[in-house]
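Laboratory data are not the source of any read-out in this text; all were calculated from the coordinates shown. Please read all numbers here as calculations on a predicted model, not as lab measurements. Ideal geometry is used to build each Cβ from the backbone, glycine not excepted, and the neighbour counts take in all protein chains shown.
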Amino acid sequence: MPVTDDDGLSAVLDAETVAVVGCSTTAGKAAHDIPAYLQRNGYRIVPVNPFADEILGETAYDSLADVPDEIEIDVVDVFRPSEEAGDIVDAAIERHEAVGDVRSVWLQLGITDDAAGERAEEAGLDFVQDKCMKVEHARLAG
């Protein structure tokens with residue numbers, strides 16, 4: 001079952017580093033403004049975007065697999081269409097198993113993949129879908 005209760009969401013939000021898959025260079029887009037909000041609220045943002053070298057003052061990586069192991073990722077926040085979510089979740093599981101980080105996967109508002117969520121949970125990850133990390137952070141921690 002995806003995390004939906006306030007205690008579970010608060011536990012996911014109790015993180016330091018968020019890898020943002022689909023992070024945008026364009027101010028005004030949710031995939032830019034939400035990571036910027038998270039950064040302003042103390043999170044380290046690790047942008048994942050194959051078309052950018054740097055976003056929000058941080059080095060951007062082509063894929064989750066390209067993020068160096070020494071960067072400890074707590075949450076993988078996904079800003080990609082639902083049909084791409086499964087592959088991203090699988091990459092997060094692979095990293096969790098290989099590196100030992102990645103505690104949670106968060107699919108932003110409007111993004112869902114129940115099968116991927118089941119795989120994430122079976123691998124021991126918390127899984128959130130169809131919720132905005134900024135909205136939940138502001139509601140629970142702001």
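Reducing the stretch 8-27 and the stretch 87-108 to their Cα centroids gives an inter-centroid distance of 13 Å.
Our summary gives the stretch 82-139 a relative contact order of 37 percent, counting only alpha carbon pairs under 8 angstrom and 6 or more residues apart. Take every Cα pair under 8 Å whose residues are at least 6 apart in sequence, average their separation, divide by the length of the chain, and the relative contact order is 25 percent. Calculated mean residue ellipticity at 222 nm for the chain: -11500 deg cm²/dmol, from DSSP H runs with n ≥ 4 weighted as -39500 (n - 2.57), summed, divided by the residue count and rounded to 500. Picking from Ile71, Ile111, Ile88, which is most flexible by a Gaussian network model of the chain using Cα springs under 10 Å? Of Ile71, Ile111, Ile88, the most mobile in the Gaussian network model is Ile71. Ordering Tyr37, Tyr43 from the fewest to the most neighbouring beta carbons within 10 Å gives Tyr37, Tyr43.
Backbone phi angles across the stretch 76-84, fed through the Karplus curve with coefficients 6.51, -1.76 and 1.60 (θ = phi - 60°), yield HN-Hα couplings of 9, 9, 10, 10, 10, x, 3, 5, 9 Hz in residue order; Gly and Pro are listed as x. When P(r) over Cα pairs in 5 Å bins from 0, in percent is calculated directly from the model, which label among [x] 2, 10, 19, 22, 20, 15, 8, 3, 1, 0; [y] 2, 9, 17, 19, 18, 14, 9, 6, 3, 2, 1, 0, 0; [z] 2, 11, 23, 26, 22, 13, 3, 0 fits? Working out P(r) over Cα pairs in 5 Å bins from 0, in percent from the coordinates points to [z]. Working note: Karplus 6.51/-1.76/1.60 with θ = phi - 60° gives the stretch 58-69 the couplings 10, 4, 9, 10, 5, 8, 4, 5, 7, 6, x, 4 Hz, where Gly and Pro are set to x. Beta bridges assigned by DSSP with both partners in the chain are antiparallel in approximately 10 percent of cases. Most tightly packed first, judged by the mean number of other beta-carbon atoms within 10 Å of their residues, the peptides 126-133, 74-81 read 74-81, 126-133. The phi torsions of the stretch 127-142, fed into the Karplus equation with coefficients 6.51, -1.76 and 1.60 and a -60° offset, translate into couplings of 9, 10, 9, 6, 9, 8, 4, 5, 4, 5, 5, 4, 6, 9, 10, x Hz, rounded to whole numbers, with Gly and Pro shown as x.
The magnitude of the dipole of the chain, with charges of +1 and -1 set on the Cβ of Lys/Arg and Asp/Glu and taken from the Cα centre, is near 660 debye.
Remark on Val46: its backbone amide H falls under 5 Å from those of Val18, Ala19, Val20, a criterion applied only to residues 5 or more positions apart or on other chains, H modelled at 1.01 Å from N.
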